[in-house]
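Encoded as structure tokens, the structure appears first; notes follow it.
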Amino acid sequence: MNDVLKADLMPNKDGYFGNYGGSFLPPDLQKLIDDITEAYLKLKDDPDFKAELNYLLKYYVGRPSPVYFAKNLSKNIGGANIYLKREDLNHTGAHKINHTLGEALVAKHMCKKKIIAETGAGQHGVALATAAALIGLECDIYMGEVDIEKEYPNVLRMKALGANIIPVKSGLRTLKEAVDEAFMGYLKDPVTQLYAIGSVVGPHPFPMMVRDFQKIVGEEARVQFAELTGKKLPDNLVACVGGGSNSIGLFTAFLDDESVNIYGVEPIGVGNKVGEHAATLTFGKPGMIHGFKCYLLQDEAGQPSPVYSVASGLDYPGVGPQHSYLFDIKRVNYVTASDDEAVDAFFRLSREEGIIPALESSHAVAYAIKLAGKLANSKTILVNLSGRGDKDIEFVIKKYGHKYGI
Ligand SMILES: *Cc1c(COP(=O)(O)O)cnc(C)c1O
């Protein structure tokens with residue numbers, strides 16, 4: 001296979017993965033973002049920085065997270081064997097802590113005082129507030145008033161962790177407005193603040209930097225899978241795709257292994273019409289959002305379309321530029337799972353394995369269940385279980401419990 005796929009060779013120096021990525025910002029801001037790129041490229045190979053991050057990943061986050069054989073589920077399906085990379089067992093309960101810790105350390109080394117971000121469901125906000133508390137940075141989280149009400153437990157967590165929550169009162173008062181206002185807040189003082197993006201999206205260097213912080217997931221899983229099964233490689237990888245950080249984290253270590261089939265699962269929500277899903281690579285076209293090029297769900301004028309998924313961590317109208325590239329060259333198969341399939345998988349994994357998955361991760365489990373049924377039982381599927389479902393349990397039981405005897 002073309003070794004253009006080798007993760008360390010991508011993106012090019014301007015932040016492009018094929019035609020996607022780059023950085024489209026006003027010149028003043030571009031200079032400051034270039035400083036982040038420069039600082040990160042130095043830090044990334046600095047042995048002290050690496051040692052500091054690895055220490056925290058081991059003793060604070062609890063890495064390595066295990067790879068677990070979902071024996072009951074696999075047996076009940078009667079096809080391929082399903083293995084789970086347990087990112088749900090990390091401190092704070094998801095993969096996001098892998099990159100927020102990295103971003104907070106970069107901020108510290110650049111002598112920034114504050115890290116800021118927007119949050120929708122509050123997951124990125126909680127992971128960032130956690131890293132800020134640990135590293136000793138101030139933390140401003142911009143959050144729409146509608147989301148504040150909907151995701152109150154996460155608001156309380158962020159407050160307990162010492163973050164400032166800045167309620168966003170404009171427009172629909174949800175994620176998009178929160179991004180706009182966080183951006184304005186950043187522009188007011190980009191010298192002492194660092195904007196910590198929550199996935200492999202945004203202008204260069206974020207898609208590269210967040211990917212680099214997440215690739216530990218696949219590097220660990222590769223070794224652990226071989227140890228556990230005695231097979232060199234899994235036959236299939238499956239992960240859910242919102243912005244694309246947990247999936248690229250798993251995929252990166254396997255991109256050059258032609259024998260491994262790779263599946264990224266997008267949320268098709270309640271249907272295939274505009275506003276019913278957030279399946280960007282399935283239905284989108286190349287466009288621009290938040291300062292970078294990628295596939296985008298958009299209207300005629302190129303404005304982002306409304307999106308929906310039962311998993312709020314997956315409803316973003318764009319997608320990481322590296323995924324956009326991997327889609328074009330057909331290295332990764334982008335497939336879908338619906339709300340109902342994800343909820344079914346949520347209950348199956350809970351009841352057959354005693355593991356309550358996040359609704360986002362449930363999309364990956366749902367697709368793995370479908371795939372396993374079509375494959376021989378000598379085949380294997382490695383799923384990234386990106387997070388735990390405690391945050392979703394109240395909502396799921398209220399809305400769907402009656403279908404599952406609750
Ligand atoms: C945020 C989130 C996601 C989606 O984000 P990616 O950048 O696509 O990984 C998936 N799973 C969980 C548990 C999340 O919190």
- Message: Out of everything in the range 290-324 that is within 12 Å of the ligand (Cβ to nearest atom) and part of a helix (DSSP H, G or I), what residue ends up being nearest to Y400 (Cα to Cα)?
- Response: S312
- Message: When you check Q298 against the structure, is it among the polar types (S, T, N, Q), modelled with pLDDT under 95 and over 20 Å from the mean Cα position of the chain (by Cα), yes or no?
- Response: no
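Among the listed residues P234, P267, which satisfies the condition of being crowded, with 24+ Cβ neighbours inside 10 Å, in contact (Cβ under 8 Å) with a residue 24 or more places away in the chain and farther than 18 Å from Y334 by Cβ?
P234
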- List, please: which pairs have Cβ atoms under 6 Å, are six or more places apart or on different chains, and start with a residue in the range 35-55 that is over 18 Å from Q214 (Cβ atoms) and end with one that is surrounded by fewer than 17 Cβ atoms within 10 Å (Cβ to Cβ)? A39/M110
- Message: For a quick check of your reading: which strands (runs of 3 or more DSSP E) sit entirely within the range 92-186 and have at least 2 residues that are away from the ligand (no atom under 16 Å from the Cβ), at pLDDT below 95 and of a type in the set (F, W, Y)?
- Response: none
- Query: Which members of the range 204-216 meet the condition of being surrounded by 23 or more Cβ atoms within 10 Å (Cβ to Cβ) and either in contact with a Ser or Thr (Cβ under 8 Å, 6 or more places away or on another chain) or not in a helix (DSSP H, G or I) (or both)?
  - Reply: H204, P205, V210, R211, Q214
- Looking at the range 325-334, is at least one residue under 16 Å from the mean Cα position of the chain (by Cα), part of a strand (DSSP E or B) and assigned by TED's automatic domain parsing to the domain that holds L233? yes
- Message: So, L89, is that one within 28 Å of L375 (Cβ to Cβ), under 18 Å from the mean Cα position of the chain (by Cα) and surrounded by fewer than 22 Cβ atoms within 10 Å (Cβ to Cβ) or not?
- Response: yes
- the range 187-203: number of residues that are in a helix (DSSP H, G or I) and either under 22 Å from the mean Cα position of the chain (by Cα) or closer than 20 Å to T252 by Cα (or both): 0
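The values are calculated or read from the model by the stated rules, or taken from the named source; none is laboratory data. All of these numbers come straight from a predicted model, not from anything done at the bench. Heads up, the Cβs are rebuilt from the backbone with ideal geometry, glycines too, and the neighbour counts pull from every protein chain shown.
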